[in-house]
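Working notes, beginning with the structure itself.
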Amino acid sequence: MNREFDTIAAICTGLTESGISVIRISGPDSIEAADRIFKTASGLSPSVFRSNRMHLGQVINEDGSILDEAMCCVFRAPHSYTAEDCVEIQCHGGIRVTGLILSLILSGNVRQAERGEFTKRAFLNGRIDLSQAESVMSLVSAVSDRGVSVSASGLLGVQGERIREIREKIRFSTAHIEAALDDPDEISYSPDDLLSETEPVLLELKKVSSSSKVGKLLESGVDTVIAGLPNSGKSSLMNFLAGEETSIVTDIPGTTRDAVRARITLDGDIVLNLADTAGLRDSEDPIEKLGVEKSYAILNNADLVLFLVDGSVAQNEENMKIYGTLGDKKTVTVITKADLPAAFDIDSAPFAHRVSFSSVTGQGLTELRSMIRSVLDMDPDPEGKQAGLMILTSRQETLINRAISGLENAIASCGEGVTEDLYVSHLYDAYGALSEFLGEEVGDDIIDEIFRSFCMGK
Amino acid sequence: MPGMNGNAAEINTDICVIGAGHAGCEAALACARLGFDTVVFTVSVDSIALMPCNPNIGGSSKGHLVRELDALGGEMGHVIDKTFIQSRMLGTSKGPAVHSLRAQADKSEYSREMRRILESQERLTIKQGEVAELLVDDGKVCGVRTYNGITYRCRACVICSGVYLNARCLCGEAITPTGPNGLMASVHFSSSLEKAGIRLRRFKTGTPARMDGKTVDLSKCIEQKGDERIVPFSFDTDPASVRVEQRSCYLTYTNEKTHEVIRANLDRSPIYAGIIEGTGPRYCPSIEDKVVKFPDKERHQVFLEPEGNYTDEIYVDGMSSSMPEDVQLLMYHTVPGLENAKIVRNAYAIEYDCLCPGQLSLSLAVKGISGLYSAGQFNGSSGYEEAAAQGLIAGINAARFLQDREPVVIRRDQGYIGVLIDDLVTKENFEPYRMMTSRAEYRLLLRQDNADLRLREIGYDAGLVSREKYERTMEKRDRILCEIRRLDDTKVGATSAVNGFLSDHDSSPLKTGASLSEILSRPEINYDILGEIDKDREDLPSDVSEQVEIEIKYRGYIEREKREVEAFKKTEKRLIPDDIDYDRVTHLRIEARQNLKKMRPGSVGQAMRIPGVSPADISVLLVYLRAYGRTD
């Protein structure tokens, strides 16, 4: 069987103890597979279901016993997510039950879908374009409320629209240059035209890029490291935040997240992947030294550092030394143990972005939250940022960066006295990158633009 | 000479070329030169290589075509070098990729010169007459029949019918069933082609009025002189031989008054009154179109160009029109310099039959009828140079068809000719197609100055370029490569002599040693200047040093295009089987499926260039082709 056209199945919802899980089957044998495991109370099989209708029924084990109560919906080609025959089964959450249902389905002529394979098929089948495909990827892995709505707007094409507008401006500049090259008698082009036409576009693209960085943090969570000298209150803060905020305590594999103890959602919209570290103290003890080295490695990869300074003991050199190593890392200095008498003048402490906090009383939590937002450059007003917010996958980010450097190269080359017939190639790059972003062909649209915007020829 | 059968109404030949315009001349010459008895038909022997529109050859990107044509063994370059009355290299303030040669022609001389070449060509017969019928037997071309009833038996045929098929000229309400310049239209051939299964459509083009030069006040216009140093079109022409007394062109402008006249009379324009059915070019629009489509433009340029040394007639470049004669008079008289001008020939629009897209192969063979080739405006292009370029390729390939050899196909990375033909074959072009530099993806590689290096070898292999010319080009190529290598390998130190040289030319001093090519790549240094610190170098001809300089100065950009070409070639190499059934390629979007079925691309690369075929469709196609390849 051709791997591109066989039948695949997978659990579409995350593997967590959520209320409902969805299993999707796609491919020519999907309805047959559903027939094997699903019946309504009145004995109907999915193959007789009308398309796009939900049916309540039961998932039946091979021995005829009932495994779970579930809903089943058949989507017939091409009107499905993948443009193939598709079946979706909604069952009660529970990792174990969902897993059992999937294994029932997989026992037939159906194989486990690879990561992103449904979307890939949707894309290969011309059902969705590339930019939509990646939004779906984002949707699947978005973990915060705001992340979901950003992904949803991408799905609806808002993200594509914004890029499309930028692309059109680049197209105009390119057409302007080409028109002047082709008909120099009639149309002129000067370096000033390049600057006035492309600099605003460049600015706009840079905004997209930086808002994406925010978007990325929203999507996957901000890798946050709690650091400080031993006994500065790291575990207490960790436990406090984990108790106070919505949190999933988990071990997420990965280099930076080896030490993640908790994933918390601050105010319901900023996800922090919290990691505790070993105390950062100079030590001769080889084992402790190893721990400290590891802590620094984690620190290097963090998006945010919560640097803890014990407010109840006198300030010391070591704190300043650690603080110095943080450099331009986004850092909030938390002066802990605010419930105890302060041992130094906190107001004049040499730390930027500091808050006074107590894990015992919760004093300073509001300040801590807003300080984190301010350091992450995340406006507490969701409307304000969200309008321009865009989550980019790494491929999309590469394309946006390619577009940015295309524009920058054009401007730089122009400044060096390179002629426009040459530097226009950088604009084509930028244009091509954004077209690829949108998953759209670059046909004769530059030429069409030339004729639309310029009166060509004698 | 074509042989006569016992039957006087039948003549045998190898190849028939229908039409003796710019495409037909090149096609006929190529066929005869490749050893085949060839008959070229024209409705009037006096109209061989006629220039019924603008009096110039070349210009932006078209100049490239002429030079490529010359490198391949075409004739246009030779003829214009002998008959031009003004020559200019355009775009010299820009990079070398967009330098473009344009010459004003003495129209009459041009036509006569080409006719002389045709007449003196062995194996070539010129025949005045209208071809009325294409004879096809069992899917193969077997001859043509003239309106006079004579049958020419042949094994291949090249259609270069220009704008003559069912031509109709429009000048306001005055509509005449003629070809350009009042020449006879060809009124029978279209239906014969359609009977043979060829689908035709209507295109339109137009030309401005010619003024009596004695009635034009050139003192009100801006003079445009020719270049002092003239570069010939042909690589064979000795630059020293092209010194002529040049004529000037003159620039003037339309104004609000002109536009008012046009707006007030739009209802009398056949285009806006809906009388014209054909689609006109977006390039070189009529003055009516310019005024309507760009209402904010206060003025449009008008160039007054001499039609030749034999006549006073002046071509009003920029003001083609299909307005009635009385409106034309009013309109032209508003233009400074033309206030009292007398019109010798009216402006008019012309409609004609041409080929529907999707019926051509890259060899310019018409699909479905073996031995049938076509070129020029019949293929939906516009312009003398575009026509000539296709004519040469169609002629070569008609001959190669009879030689049983693989057709010559110029790829997009090899020449503008490749871009032109690929676009005509692959895209649906809803208007007469004009060459533009922006259509060429690899234009830094496709310069007018290196057309010989790119294409002479192909011309030689095809048999149209002599061994001597070919070897001269190869020698030039070797010398260029040698010199580039020498400049790369020759290092100079940061000595006081070198730094003194650099400071003399406002160039920053060296801190460490550098190669001569690194120094040459500086914008303020050129090859000549470099000689000051490179005293022992060989004295190279200017065409060699020019190439060396360009290759070194633009190396970064050139290398980049070369990399792109490599990627491009990969998709070109992924062939699509001729018998692919797009209905079986499930999941193609409807638009993509329709367009693929219509254009039937030969490769995935070509499929990618078909409008309406998205990257997703290409993925689908790729997946399908992979499956197809496996089951086969």
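For region A:53-87, give me each residue that is closer than 24 Å to residue B:620 by Cβ and either of a type outside the set (A, V, I, L, M) or within 14 Å of chain B (Cβ to nearest Cβ) (or both).
A:75, A:76, A:77, A:78, A:79, A:80, A:81, A:82, A:83, A:84, A:85, A:86
Quick check: is even one residue across region B:518-538 more than 28 Å from the chain's Cα centre (by Cα), modelled with pLDDT of 95 or more and among the hydroxyl-bearing types (Ser, Thr, Tyr)?
yes
Residues checked against (1) out of contact with any Pro (no Cβ under 8 Å at 6 or more places or on another chain); (2) surrounded by fewer than 22 Cβ atoms within 10 Å (Cβ to Cβ); (3) farther than 15 Å from residue B:388 by Cβ:
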site: B:61; (1), (2), (3): yes, no, no
site: B:69; (1), (2), (3): yes, no, no
site: B:79; (1), (2), (3): yes, no, no
site: B:100; (1), (2), (3): yes, no, yes
site: B:108; (1), (2), (3): yes, yes, yes
site: B:127; (1), (2), (3): yes, yes, yes
site: B:133; (1), (2), (3): yes, yes, yes
site: B:136; (1), (2), (3): yes, no, yes
site: B:139; (1), (2), (3): yes, yes, yes
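Is it the case, given these coordinates, that residue B:201 is of a type outside the set (S, T, N, Q) and farther than 24 Å from residue B:273 by Cα?
Taking the combined requirement at face value, the residue does not satisfy it.
Restricting the search to region B:498-515, which residues are under 26 Å from residue B:444 (Cβ atoms) and in contact with a Lys or Arg (Cβ under 8 Å, 6 or more places away or on another chain)?
B:507, B:514, B:515
Has region A:150-172 got any residue that is at pLDDT 80 or above, within 14 Å of chain B (Cβ to nearest Cβ) and open to solvent by 20 Å² or more (accessible area, probe 1.4 Å)?
Scanning region A:150-172 turns up at least one residue that is at pLDDT 80 or above, within 14 Å of chain B (Cβ to nearest Cβ) and open to solvent by 20 Å² or more (accessible area, probe 1.4 Å).
Looking at region B:295-305, can you tell me whether even one residue there is β-branched (Val, Ile, Thr), out of contact with any strand residue (DSSP E or B) (no Cβ under 7 Å at 6 or more places or on another chain) and under 22 Å from residue B:224 (Cα atoms)?
No - not one qualifying residue is present in region B:295-305.
Looking only at region B:358-385, count every residue that is closer than 18 Å to residue B:403 by Cα and part of a helix (DSSP H, G or I) and tell me the total.
0
So, in region A:318-343, exactly how many residues are of a type outside the set (Ser, Thr, Tyr) and either farther than 12 Å from residue A:356 by Cα or open to solvent by 70 Å² or more (accessible area, probe 1.4 Å) (or both)?
Matching residues across region A:318-343 total 14.
Going residue by residue through region B:331-340, is there one that turns out to be closer than 30 Å to residue B:215 by Cβ, within 14 Å of another protein chain (Cβ to nearest Cβ) and polar (S, T, N, Q)?
Checking region B:331-340: not a single residue is closer than 30 Å to residue B:215 by Cβ, within 14 Å of another protein chain (Cβ to nearest Cβ) and polar (S, T, N, Q).
The values are calculated or read from the model by the stated rules, or taken from the named source; none is laboratory data. These numbers come from a predicted model, not from an experiment. Backbone-built Cβ (ideal geometry, glycine too); neighbour counts: all protein chains shown. Quick note on the areas: whole protein, heavy atoms, side chains included, nothing else; ligands and nucleic acids left out. Shrake-Rupley method; radii C 1.70, N 1.55, O 1.52, S 1.80 Å.
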